[in-house]
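The values are calculated or read from the model by the stated rules, or taken from the named source; none is laboratory data. In this text, all values refer to a predicted model and were calculated from it rather than measured experimentally. Because the Cβ atoms are built from the backbone with ideal geometry, glycine has one as well, and the counts that use them run over all protein chains shown.
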């Protein structure tokens, strides 16, 4: 009996020592090491890829798209459609999982695709209406937009619904409207877009793209001189 108790206590002690050592290694030292390496070598990525304006204020993340809409005329009306603020470059549409209907006390950020087939009538109607809106919004007195020039990313959302980028073609389509609304020259705005167009990763992965938040920060700085 004494031998059994002694053996059990020995096993218990060994287990507790192993628990303590593994807790220190895996629960303290390893997380500290990983956090330290991330902060030292990948500081921006580790902190959410934050984007700051010229005053050093965090205005968003390079990984998450933002909307640029006018204030609601009736803030208490949940059915009122958002109206784009046409002073700014507009991002891709956000049509994913929809709004939060489970807990209405919080405005949750929902990510996901609509998963509608290419022949889905709702999708076809949505794309047609979106194209009409893009043509109407971006046509100016001196520059008319042709429906055939509207790129796909102007009328569809991304798989996540939160894409922070648009194609250079969609950015270019908005140049005349942005220039007119902000009292800028077209060439000034063209240069803004060109300077903030990112090519394919490593020269062959992905597509050329423009980060809308970074572009609008540069636009704001230009308009405020």
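Per the conditions (1) at pLDDT below 85; (2) exposed (fewer than 10 other Cβ atoms within 10 Å of the Cβ); (3) assigned to a helix (DSSP H, G or I), the sole criterion not satisfied by residue 6 is (2). None of 171, 218 is within 18 Å of residue 62 (Cβ to Cβ), surrounded by 12 or more Cβ atoms within 10 Å (Cβ to Cβ), in contact with a helix residue (DSSP H, G or I) (Cβ under 6 Å, 6 or more places away or on another chain) and modelled with pLDDT under 95 except 218.
Residues of the range 135-161 that are under 20 Å from the mean Cα position of the chain (by Cα), buried (at least 18 other Cβ atoms within 10 Å of the Cβ) and closer than 24 Å to residue 180 by Cα: 153, 154, 155. Assess whether residue 219 counts as being assigned to a helix (DSSP H, G or I), closer than 12 Å to residue 88 by Cα and in contact with a strand residue (DSSP E or B) (Cβ under 6 Å, 6 or more places away or on another chain). So residue 219 does not fit the description; no. When 142, 111, 157 are checked against the criterion of being outside the structural domain of residue 90 (by TED's automatic domain parsing), part of a loop (DSSP other than H, G, I, E, B) and modelled with pLDDT under 95, 111 stands alone in meeting it. Could you check the range 38-65 and list, in sequence order, the residues that are without any contact (Cβ under 8 Å) to a residue 24 or more places away in the chain and on the phi > 0 side of the Ramachandran plot? Of everything in the range 38-65, those that are without any contact (Cβ under 8 Å) to a residue 24 or more places away in the chain and on the phi > 0 side of the Ramachandran plot turn out to be 48, 49, 56.
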